[in-house]
């Protein structure tokens, strides 16, 4: 991150994704979902509590990304921002993910599931569901 006029800005744009993996800190491991990713960092949604403070070194293991190491930059409401350690291996892994595995994802809003009636006829989905699929 760079500082301009005391404003912190990202070095690279993040792209939305849905990659599942684990975050390891010391002897603990927590399941997580990577929400967005860039060559310099990622935002993750944790499935459980991660007992690590900002500035702590962590490891992320994900099937399509491999093993990445970084530092926690922020934590808020079960989400964590991680800045990756700058090395050629991490950049190669992220570049490979974008080349071979990445599919553009839009953020998902909570929507109601379809409700089946006794006559096996589906009701029309909520307006938000139909606009997300289009």
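The values are calculated or read from the model by the stated rules, or taken from the named source; none is laboratory data. None of the values given here were measured: they were computed from a predicted structure. Because the Cβ atoms are built from the backbone with ideal geometry, glycine has one as well, and the counts that use them run over all protein chains shown.
Filter segment 53-94 for residues that are outside any strand (DSSP E or B), closer than 16 Å to residue 21 by Cβ and out of contact with any helix residue (DSSP H, G or I) (no Cβ under 6 Å at 6 or more places or on another chain) and give the result. Correct list: 63, 78, 90, 93, 94. Scanning segment 61-88 for residues that are in contact with a strand residue (DSSP E or B) (Cβ under 6 Å, 6 or more places away or on another chain), closer than 22 Å to residue 99 by Cβ and buried (at least 19 other Cβ atoms within 10 Å of the Cβ) returns 62, 68, 70, 82, 84. Selection within segment 13-49: residues that are outside any strand (DSSP E or B) and touching a strand residue (DSSP E or B) at 6+ places or on another chain (Cβ under 8 Å). The member of this set that is nearest to residue 83 (Cα to Cα) is 40. Within segment 15-60, how many residues turn out to be closer than 29 Å to residue 99 by Cβ and free of Cβ contacts under 8 Å to residues at least 12 places away in the same chain? Number of matching residues: 1. Which members of segment 65-83 meet the condition of being modelled with pLDDT under 90 and more than 13 Å from the chain's Cα centre (by Cα)? If the condition is that a residue be modelled with pLDDT under 90 and more than 13 Å from the chain's Cα centre (by Cα), then 66 is the only one that fits.
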